[in-house]
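Enquirer: Have a look at this one before I ask anything.
The values are calculated or read from the model by the stated rules, or taken from the named source; none is laboratory data. Given the structure is predicted, the values throughout are model-derived calculations rather than measurements. When we count neighbours, we look across all protein chains shown, and the Cβ atoms used for this are built from the backbone with ideal geometry, even at glycine. SASA here: full protein model, heavy atoms, side chains in, ligands and nucleic acids out. Shrake-Rupley method; radii C 1.70, N 1.55, O 1.52, S 1.80 Å.
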Amino acid sequence: MAEALNLTDDQRPERQAAALKLLDILEREAPFPGAARIGITGAPGAGKSTLLDALVRELRPRGETVAIVAVDPSSQRTGGALLGDRIRLRSGSSDPGVFIRSMAARDRLGGLSDATHAGVTILALVFDRVFIETVGVGQSEADVSRLVDTLVFVANPGTGDVLQFMKAGLLELPDIFLVNKADAGPIAERTVSELESGLSLGERSDAAWTPPVLLTSARDGSGVHQFVEALDAHRRHLQNDDRISQRRGEAARALVIGALQRRYGSFGLQQLGGLASLRSRLAEDPTPSAFTRIARLGAEIEEALRKSD
Amino acid sequence: MSDRSERKRDRPWVFRTYSGHSSARASNELYRTNLARGQTGLSVAFDLPTQTGVDSDHPLARGEVGKVGVPIGHVEDMSALFEGIPLDQMNTSMTINSTAAWLLSLYVAAAERSGVDAQKLQGTTQNDIIKEYLSRGTYVFPPEPSMRLISDMVAYTVDAIPKWNPINVCSYHLQEAGATPVQEIAYSFATALAVLDAVKARDDVPDEAIPRVVGRISFFLNSGIRFVEEICKVRAMAELWDQITKERYGVEDPKLRRFRYGVQVNSLGLTEAQPENNVIRIVLETLGVTASKKARCRALQLPAWNEALGLPRPWDQQWSLRIQQILAYETDLLEYADLFDGSFVVEAKTRELLEEARTEMEKVLAMGGVVAAVENAYMKQRLVESQTARSRAIEVGDQIVVGVNRFTEAEPSPLVEGKQSILKVDDAAEREQIERLNAFRNRRNPEEVAAALTNLKDVLSSGGNVMPASIRAAHAGVTTGEWSDALRELFGEYRAPTGVVARQTNGAGPRTQAVRERVRALSEQLGRPLKVLIGKPGLDGHSNGAEQIAVKARDVGMEVVYEGIRLTPAEIVQSARDEGVHVIGLSILSGSHGVLVTDVLALLKDAGLSGLPVVVGGIIPDEDAETLRDAGVSRVYTPKDFDLTRIMGEIVDVVAESSADH
Ligand code: B12
Ligand SMILES: Nc1nc2c(ncn2[C@@H]2O[C@H](COP(=O)(O)OP(=O)(O)O)[C@@H](O)[C@H]2O)c(=O)[nH]1
Ligand SMILES: [Mg+2]
């Protein structure tokens, strides 16, 4: 497993080609819908890591295996990175049913890198649930939402990050809201009502799902069980009417566009006839593997750029 | 010339030596010898399993039993530790924190068994959990329940063991973790206020008792080589404490507002190179806390000249005790009133420290106090920053350390040349302790044990005081691991923030930049950024070295995984594999590198990772370094390797060599 991640992380061209081949096969052959892919986002210190630890302790006794990708968006590929803050407690870090990999965000623009995408794809083959922990700083919510089936926002009560979050217009993305540190008392309840009133104003793309707002305490474990129930409910919701195929399809297209945009800029996209035409092309393209699409379309752009030189 | 016999001298402070090892019986012998040599109080060092609440046969205790202190697993161990020492006449200081309530209970039970009433007991439990999260590392439970245990102990002892100092608020360990004098004062005082506020808020402690409670709070300080500043620091602390206790708790009696403190002088600055120089450092540091009568320490313990080499032998400790005796009995220090009253220079510096400390303390209080400032990592991050500044200053030569970065050319030291100059704890100690523990478990009454544990849990979950139920458990034969497990069940376990943050430090010198360039080039060859795991296996809590290595590795462009202290070899190997690192760096200062490194290497082999290079740093005697290299360790580092940039360059070499092998 770790070996496969090392491969997909490798920037050397011959390894990249091998990785692409592997990912392509994996994406085609993987059982559908396979592992639950869950994003956990929120401000630093909200308790995401501690919550993940509590989740591990809830899920492992049921026999479920768990992989966690912890992304540190503050660090770039060449700047060096400190990835120590993986998980707070020791709930089974020597248990083969739990896998944790930390990654520097790598991309100069602060977006999640292809390596993260690859990591999730690989881990989803082996583990029952794959979590991505990332710090919410606007852009990254949108980024993670493309990699996951369920996006969870963790609010830190009384810190004002909920308001910021609402101002940034990000309220429509998460499928589940958690107000953590319930043990802190009334301040947590106040944050719940703030969120609820914020939510009642907004429109959501999936009208059939009302995102729940739950109180949790990663500290004493309260609400964690309900959180798992909410995760399962959202998964069932997605599986109804095959919403999950739609969601993954849309997410994969957004991923491809995002990756091409980051690499080649809007000038690059123009080589493919611009954004709108790329969108319709992707919608028709039957290739299920996002990795193959990125590679093929990338090659096309490079070719076009070479010709225009 | 006045007649010698007529001169009035102050009574000296209490002379102590921090000691204990192998077993209760061996430590008892040591204590009796020390008392016979003129030591006037006892200072008990417990081993790490006892300090972290696991029994001697627990997997995490492997290699640690009896190593850096005495193992105390139950009431009979405690009785053996003090055999022949009358507890009603002894002043005992116990360096115990997360399990302090338990060790005090064992002490009370042992006293009662020898016919001594708890009312008569005198001494101190260290019991400052905040600095455990910040520096010392033997915490177990989360901050809030831990603070509750402390407040229980304060509330209980104020009447039941009135001569006991239930807590010794520590700034000592903050300085050892790199703290500046201002940080030492601010964070220790904020801790003291958290304890007093908690006690004040209790229903079972009447308001009239608060001044007495304030009067029982004592401190444990450090004294570094900048002894003039240290003199000002202790004067500032005495003054600030007097102010705060009056303002905040309305203590009218000046005696109860007195700043009482014990000291261990600085060890962080004691060197491996030219170790004989350490004696001079220790003497100067001692002046910092004895010279000013107004703010003189109540008790003093000194490290030994061979501090950076390993554990001191009885002779080494005796030499340090002699320093105290010469200062107190031969010099005229104790014949004078305060030497600094009226000194403008001392007064100005004192004022400056006091003001700055008050500001920093108020910052922490505004954050919600020390518990909040532990959880949000504020204080720990400040300490790591200070330590980083210190490491840099030494590396580039801005801070001179004689024998280390200046005046390194020297005669070989006759104290260490070809000699075994440290204490070696017999490896049989662990096995024997486990045998005694098992024999004890078989002897006790299982029903009484079970009932006492159930009672303990009931009392704690209904908000009762931990002490009476623990004393009962001590008498019933509960073990240290059982008591702690009962509390773990209720409170959970905690991992504190590492304080190592992803903030980029600027202003790298040319040497650092050169290594950064090499890291970049090698990363390109490897296909992805050079990734390193810094691991701290075992119960060892010494984190300074690992933190500094982690920060430096990040600064030269590596991806660093550092998860903090107290991991098992299995956890470290699994992290190394899952994270896909190119090299593992282990940091071990507790002396148990033999067992722990062997375990890591064996597990790596089992995981099919025998090609993954491992480097090790810490307190590693030369012969052991040899053994480790033979076992496959690529490089071994010790305190004399202060040049972090060079270490990073060598790590790049190690990874380059190993990737060339594949
Ligand atoms: C500071 C200190 C403390 C501080 C630690 C603060 C902290 N958070 O780190 C405090 C006061 C808390 C402390 C407590 C104890 N200490 Co202490 N402590 C020291 C001291 C004085 C300095 C260590 C230090 O931090 N040096 C500065 C750092 C930067 O240097 P370093 O760790 O050596 O790292 C350098 C190299 O070794 C190397 N390196 C280290 N690790 C790594 C890792 C990698 C990957 C690499 C490449 C390099 C590398 O590079 C670093 C850069 O130069 C030493 C003695 C000494 N002078 O060395 C005793 C010492 C380590 N402590 C000792 C003991 C016994 C204890 C206690 C266990 C006592 C007790 N019974 O309770 C406690 C409990 C601690 C615990 N939980 O484990 C003993 C250990 C004995 C042994 N090995 O046989 C020592 C040697 C003192 C002695 N002679 O008795 N201690
Ligand atoms: N009181 C309380 N503290 C919590 C809770 N969850 C996390 N914390 C604390 O909040 C801090 C940040 O937690 P962490 O999991 O690292 O946050 P992250 O940055 O979101 O991953 C730590 O000190 C945790 O102990 C909770 O439910 N209650
Ligand atoms: Mg986190």
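Enquirer: I'm told B:K605 meets every condition in (1) more than 27 Å from the chain's Cα centre (by Cα); (2) on the phi > 0 side of the Ramachandran plot; (3) basic (K, R) except one. Can you identify the failing condition by its number?
Expert: (2)
Enquirer: Keeping to region B:372-381, report how many residues are within 10 Å of ligand 2 (Cβ to nearest atom), within 12 Å of another protein chain (Cβ to nearest Cβ) and part of a helix (DSSP H, G or I). Can you show your working first?
Expert: Step one: list which residues in region B:372-381 are within 10 Å of ligand 2 (Cβ to nearest atom), which gives B:372, B:374-377.
Filter again for within 12 Å of another protein chain (Cβ to nearest Cβ), leaving B:372, B:375-377.
Now narrow it down to the ones that are part of a helix (DSSP H, G or I): B:372, B:375.
Looking only at that region, the number is 2.
Enquirer: Among the residues that make up region B:370-387, is at least one of them out of contact with any Lys or Arg (no Cβ under 8 Å at 6 or more places or on another chain), at pLDDT 95 or above, among the aliphatic types (A, V, I, L, M) and open to solvent by 60 Å² or more (accessible area, probe 1.4 Å)?
Expert: no
Enquirer: What number of residues in region A:22-46 are within 14 Å of chain B (Cβ to nearest Cβ) and crowded, with 24+ Cβ neighbours inside 10 Å?
Expert: The total comes to 1.
So that you can scan it fast, the table gives a plain yes or no per residue for (1) of a type in the set (K, R); (2) surrounded by fewer than 24 Cβ atoms within 10 Å (Cβ to Cβ); (3) assigned to a loop (DSSP other than H, G, I, E, B):
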site: B:S105; (1), (2), (3): no, no, no
site: B:N127; (1), (2), (3): no, no, yes
site: B:F141; (1), (2), (3): no, yes, yes
site: B:V158; (1), (2), (3): no, yes, no
site: B:P162; (1), (2), (3): no, yes, yes
site: B:L174; (1), (2), (3): no, no, no
site: B:A179; (1), (2), (3): no, no, yes
site: B:Q183; (1), (2), (3): no, no, no
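Enquirer: Then there is this: Please go through region A:220-240 and give me each residue that is within 14 Å of chain B (Cβ to nearest Cβ) and either within 16 Å of ligand 1 (Cβ to nearest atom) or open to solvent by less than 10 Å² (accessible area, probe 1.4 Å) (or both), ordered by number.
Expert: Listed by number, the list holds a single entry, A:V224.
Enquirer: Run down B:P537, B:P569 and say which single residue is open to solvent by 10 Å² or more (accessible area, probe 1.4 Å) and either in the same structural domain as B:D606 (by TED's automatic domain parsing) or not β-branched (V, I, T) (or both).
Expert: B:P569
Enquirer: Select, from A:A2, A:A19, A:A54, the only residue that is buried (at least 22 other Cβ atoms within 10 Å of the Cβ), within 14 Å of chain B (Cβ to nearest Cβ) and more than 16 Å from ligand 2 (Cβ to nearest atom). Explain how you work it out, then say what you get.
Expert: On the way: A:A2 fails: buried (at least 22 other Cβ atoms within 10 Å of the Cβ); A:A54 fails: more than 16 Å from ligand 2 (Cβ to nearest atom).
Only one candidate passes the filter, namely A:A19.
Enquirer: On to the next question. Have a look at B:L256, B:L354, B:L268 and point out the one that is in contact with a helix residue (DSSP H, G or I) (Cβ under 6 Å, 6 or more places away or on another chain), open to solvent by 20 Å² or more (accessible area, probe 1.4 Å) and part of a helix (DSSP H, G or I). Write out each step before concluding.
Expert: Values: B:L354 fails: open to solvent by 20 Å² or more (accessible area, probe 1.4 Å); B:L268 fails: part of a helix (DSSP H, G or I).
Of the residues listed, the single one that is in contact with a helix residue (DSSP H, G or I) (Cβ under 6 Å, 6 or more places away or on another chain), open to solvent by 20 Å² or more (accessible area, probe 1.4 Å) and part of a helix (DSSP H, G or I) is B:L256.
Enquirer: Got a sec? Which of B:G545, B:G541 is more than 10 Å from every other protein chain (Cβ to nearest Cβ), part of a helix (DSSP H, G or I) and more than 16 Å from ligand 3 (Cβ to nearest atom)?
Expert: Residue meeting the stated conditions: B:G545.
Enquirer: Mind listing whichever residues of region B:462-493 are surrounded by 23 or more Cβ atoms within 10 Å (Cβ to Cβ) and assigned to a loop (DSSP other than H, G, I, E, B)?
Expert: The answer is B:V478, B:T479.
Enquirer: Still on this structure, I have one more. Of all residues in region B:647-662, how many are more than 37 Å from the chain's Cα centre (by Cα) and acidic (D, E)?
Expert: Total meeting the criteria: 2.
Enquirer: List, please: which pairs have Cβ atoms under 8 Å, are six or more places apart or on different chains, and start with a residue in region B:629-654 that is of a type in the set (A, V, I, L, M, F, W, C) and end with one that is open to solvent by 60 Å² or more (accessible area, probe 1.4 Å)?
Expert: Partner pairs satisfying both residue conditions: B:A631/B:T598; B:V636/B:R629; B:I651/B:R635; B:V652/B:R518; B:V654/B:R635.
Enquirer: State which residue is nearest to B:K419 (Cα to Cα) when the search covers only region B:612-633 and only residues that are open to solvent by 40 Å² or more (accessible area, probe 1.4 Å) and either outside any helix (DSSP H, G or I) or within 9 Å of ligand 1 (Cβ to nearest atom) (or both).
Expert: Ranking the candidates gives B:A631 first.
Enquirer: Looking at A:T150, is it open to solvent by less than 10 Å² (accessible area, probe 1.4 Å) and touching a residue at least 12 places away in the same chain (Cβ under 8 Å)?
Expert: yes
Enquirer: Something else about it: Go through region B:327-343 and give me each residue that's open to solvent by 70 Å² or more (accessible area, probe 1.4 Å) and under 13 Å from B:V289 (Cα atoms).
Expert: B:L339
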